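The values are calculated or read from the model by the stated rules, or taken from the named source; none is laboratory data. What you are looking at is a predicted structure, and each value in this text was computed from that prediction instead of being measured. Every residue, glycine as well, gets a Cβ built from its backbone with ideal geometry; the counts of neighbours run over all protein chains shown. Note: accessible area is taken over every heavy atom of the protein model, side chains too, but ligands, DNA and RNA are not part of it. Shrake-Rupley method; radii C 1.70, N 1.55, O 1.52, S 1.80 Å.
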Amino acid sequence: MGAYRTAEVTRKISKLLEVGFSREITYTTWMTNVVLVKKPSRKLQMCVDYTDLNKVCPKDPYPLPNIDHLVDNSSEYQFLSFMDVDSGYNQIPMYPPDQDKIAFITPKATYYYTVMPFGLKKIGATYERMVNIVFWDKIGKNMEVYTDNMIAKSLLIKDHITILKAIFP
């Protein structure tokens with residue numbers, strides 16, 4: 001990894017450490033590499049390559065919603081608010097005995113996530129399960145959810161703010 005990329009990884013790690021999403025680890029049972037990927041905005045995104053770990057982890061059979069069903073359930077509504085829950089996965093703490101299994105190596109040290117990181121095979125199903133539990137009484141009525149994408153929906157504009165306040169009190 002060149003100097004520019006090493007500096008970028010160091011900046012990303014500093015942010016993760018600052019918010020408590022990551023910690024340094026000395027001994028680990030599993031370790032993987034970080035990869036910097038250029039986003040369409042030309043910024044570099046730090047990703048952890050969990051390909052090998054995902055191969056040995058069992059699949060979580062929790063079902064993801066059918067997109068066609070979500071579109072059909074929202075098509076008759078006149079007012080829609082589309083929300084992308086940025087870093088939503090990072091709101092779910094990692095099970096402490098499994099934290100050492102998601103360790104990643106950087107040019108300066110080895111770290112692990114304390115919260116669910118992107119790239120793990122089970123994240124989509126785990127997050128879907130969580131939002132279904134949190135919003136169970138709203139989904140299908142005035143809200144639709146597909147992992148970290150949410151739609152608040154209403155027939156009348158006067159009801160829309162009330163619905164948004166009910167979803168996010």
Of all residues in the stretch 47-62 being assigned to a loop (DSSP other than H, G, I, E, B) and among the charged types (D, E, K, R), the one that is most open to solvent (accessible area, probe 1.4 Å): K59
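Residue by residue through the stretch 18-44, note down the ones that are touching a residue at least 40 places away in the same chain (Cβ under 8 Å), open to solvent by 40 Å² or more (accessible area, probe 1.4 Å) and outside any strand (DSSP E or B). Show your work before the answer.
Filtering the stretch 18-44 for residues touching a residue at least 40 places away in the same chain (Cβ under 8 Å) gives 20-34.
Within this subset, residues satisfying the condition of being open to solvent by 40 Å² or more (accessible area, probe 1.4 Å) are 21, 23-24, 26-31, 33.
Matches in the stretch 18-44: F21, T26, Y27, T28, T29, W30.
Please find, within the stretch 63-84, the residue that is farthest from the chain's Cα centre (by Cα) out of those that are among the hydroxyl-bearing types (S, T, Y) and open to solvent by less than 70 Å² (accessible area, probe 1.4 Å). If you could, list the steps in order and put the result at the bottom.
Going through the stretch 63-84, the residues among the hydroxyl-bearing types (S, T, Y) turn out to be 74-75, 77, 81.
Subset that is open to solvent by less than 70 Å² (accessible area, probe 1.4 Å): 74, 77, 81.
Numbers: S74: 24, Y77: 28, S81: 20 Å.
The extreme case among them is Y77.
Per-residue answers, yes or no, for (1) aromatic (F, W, Y); (2) in contact (Cβ under 8 Å) with a residue 40 or more places away in the chain; (3) in a helix (DSSP H, G or I):
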{"position": "F82", "(1), (2), (3)": "yes, yes, no"}
{"position": "D100", "(1), (2), (3)": "no, yes, yes"}
{"position": "K108", "(1), (2), (3)": "no, yes, no"}
{"position": "P117", "(1), (2), (3)": "no, yes, no"}
{"position": "K153", "(1), (2), (3)": "no, yes, no"}
{"position": "I161", "(1), (2), (3)": "no, no, yes"}
Breaking point among (1) surrounded by 14 or more Cβ atoms within 10 Å (Cβ to Cβ); (2) closer than 15 Å to K12 by Cβ, for S87: (1)
